[in-house]
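The values are calculated or read from the model by the stated rules, or taken from the named source; none is laboratory data. Here the structure is a predicted model, which is why all the values come from computation and not from measurement. Neighbour counts are summed over all protein chains in view; Cβ atoms, including those assigned to glycine, are modelled from backbone coordinates with ideal geometry. SASA here: full protein model, heavy atoms, side chains in, ligands and nucleic acids out. Shrake-Rupley method; radii C 1.70, N 1.55, O 1.52, S 1.80 Å.
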Amino acid sequence: FLSGISIFGEKATVLKPFGDLFLNLMFTVVTPLVFATIASAVGNMVNMKRLGKILGNMFMMFVGTGLIAAFVIIFVVKVLPPAQGVNLALEASSELETVKLADQIIGALTVNDFSKLLSRSNMMPLIVFSIIFGFCVSSIGGEDNIVAKFLDSLSNVMMRFVGIIMLYAPIGLGAYFANLVGEFGPQLLGAYGRAMAIYYPVCILYFFIAFSGYSYFAGGKLGIKTYFRNIISPSVTSIATQSSIATLPVNLNATKNMGVPKDIREIILPIGATMHMDGTVLSSILKISFLFGIFGQDFSGMGTYLTAILISILGGVVMSGIPGGGLVGEMLIVSLFGFPPEAFPIIATIGFLVDPAATWINATGDAVVSMMVTRLVEGKNWMSKDLTNESREKIDIKVS
């Protein structure tokens with residue numbers, strides 16, 4: 001980080017290959033990791049009611065935390081309008097591509113060829129496939145099935161693979177982060193500086209205040225202590241890589257150390273990496289408010305707020321699972337609010353600049369949701385000191 005700012009400056013891009021090496025390794029491992037962890041967690045589950053309870057509570061937490069994030073950022077942008085005093089020269093652009101929401105959602109959940117499941121660009125279809133595959137394994141024998149045992153072993157192998165990659169993490173993350181700061185740091189002082197000055201502090205406060213509340217709900221004071229003690233590594237990885245998917249292996253290890261049961265963390269975290277996006281909710285409403293200010297419109301009224309909340313939740317829970325979903329969400333913002341096509345590159349730029357902080361909130365939010373779901377599934381005493389991680393690992397699949 002310091003080399004990106006003071007020592008190399010823009011020349012910090014010479015460190016980019018070292019960062020790309022780490023990022024490529026993480027992206028390579030994530031597809032088999034997602035399949036192995038989800039299919040293993042579901043395939044070894046003998047109680048399908050537990051699976052339904054996990055998934056039901058998971059979606060409730062995803063939407064609930066997203067709504068809280070939306071209300072927070074609406075309040076902030078009303079008090080501190082992000083476009084105040086900003087003058088941007090708008091260049092005419094070509095007509096926006098029409099967004100067909102139904103087609104985008106179908107494309108987010110399925111692909112038309114098995115080979116496409118092997119790409120990290122199709123994570124939601126891979127997750128859907130893995131859940132169904134795991135359910136089929138469970139239905140013909142559960143944990144006593146040879147396929148279930150293989151999946152469990154494969155999951156352990158992939159986590160060991162991640163452990164080897166993480167030995168290089170300090171060098172890779174440092175190089176990647178220095179490159180980002182050296183290359184794009186000056187843009188933060190330009191026309192978008194006010195929006196950045198609002199968004200980044202909001203993310204920091206949201207992380208410490210909201211996530212403290214969430215982790216307290218999950219496990220009381222011990223929950224707060226456990227969460228923040230183990231969330232440092234996912235935080236650094238998410239900020240440097242700007243990818244919830246690349247952070248997934250680190251998040252899995254962190255939540256294991258938090259004591260989250262194996263089946264819960266291996267279901268929620270892969271799904272959360274593509275569907276739980278509180279940081280995206282925060283940035284979506286910031287973008288909407290910014291455009292309202294740029295085009296001289298008043299960001300107020302219940303209809304405006306409800307539409308902004310709907311788009312932000314849609315962008316955080318649905319669009320994030322679509323390849324290029326961020327851009328699709330930005331097209332929706334421009335289209336549904338009737339802004340001219342020239343508005344698209346403006347919010348696309350904001351999206352790029354806020355991405356490190358947004359990814360940080362997205363990824364670390366997955367971990368705290370896994371804790372809250374554990375509290376709802378296992379009961380409020382799940383963090384009892386008498387229940388060690390080792391004993392929890394043995395019973396987490398069999399508990400009813």
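Determine if the range 209-219 includes at least one residue that is at pLDDT below 85, open to solvent by 10 Å² or more (accessible area, probe 1.4 Å) and either in a loop (DSSP other than H, G, I, E, B) or of a type in the set (S, T, Y) (or both).
Here is the first cut: in the range 209-219, the ones at pLDDT below 85 are none.
So far as the range 209-219 goes, no, none of its residues is at pLDDT below 85, open to solvent by 10 Å² or more (accessible area, probe 1.4 Å) and either in a loop (DSSP other than H, G, I, E, B) or of a type in the set (S, T, Y) (or both).
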Among (1) closer than 15 Å to P356 by Cα; (2) modelled with pLDDT under 70, the one test that D144 misses: (1)
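Considering only the range 177-189, I want to know if a residue exists there that is at pLDDT 80 or above and either closer than 27 Å to S284 by Cα or aliphatic (A, V, I, L, M) (or both). Lay out the reasoning, then the answer.
Within the range 177-189, the subset at pLDDT 80 or above is none.
No, every residue in the range 177-189 fails to be at pLDDT 80 or above and either closer than 27 Å to S284 by Cα or aliphatic (A, V, I, L, M) (or both).
Table: residues versus (1) open to solvent by 70 Å² or more (accessible area, probe 1.4 Å); (2) modelled with pLDDT of 75 or more; (3) in a helix (DSSP H, G or I).
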residue: E95; (1), (2), (3): yes, no, no
residue: Q104; (1), (2), (3): no, no, yes
residue: A108; (1), (2), (3): no, no, yes
residue: K116; (1), (2), (3): yes, yes, yes
residue: M123; (1), (2), (3): no, no, yes
residue: I132; (1), (2), (3): yes, yes, yes
Tally up the residues in the range 25-50 that are open to solvent by 10 Å² or more (accessible area, probe 1.4 Å), at pLDDT below 80 and assigned to a helix (DSSP H, G or I), please. 2
Need at least 3 residues that are aromatic (F, W, Y) and either modelled with pLDDT of 65 or more or in contact with a strand residue (DSSP E or B) (Cβ under 6 Å, 6 or more places away or on another chain) (or both) per element, so show me which helices (runs of 4 or more DSSP H) inside the range 284-400 make the cut, counting only ones lying wholly within it. 343-378
Is it true that D298 is open to solvent by less than 10 Å² (accessible area, probe 1.4 Å) and either over 28 Å from G56 (Cβ atoms) or among the charged types (D, E, K, R) (or both)? no
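Of the residues that make up the range 63-83, is at least one outside any helix (DSSP H, G or I), open to solvent by 40 Å² or more (accessible area, probe 1.4 Å) and modelled with pLDDT of 75 or more?
Taking the range 63-83 and keeping what is outside any helix (DSSP H, G or I), we get 80-83.
With open to solvent by 40 Å² or more (accessible area, probe 1.4 Å) added as a condition, the list becomes 80-81.
Then drop every residue that is not modelled with pLDDT of 75 or more, which leaves 80-81.
Yes, because at least one residue in the range 63-83 is outside any helix (DSSP H, G or I), open to solvent by 40 Å² or more (accessible area, probe 1.4 Å) and modelled with pLDDT of 75 or more.
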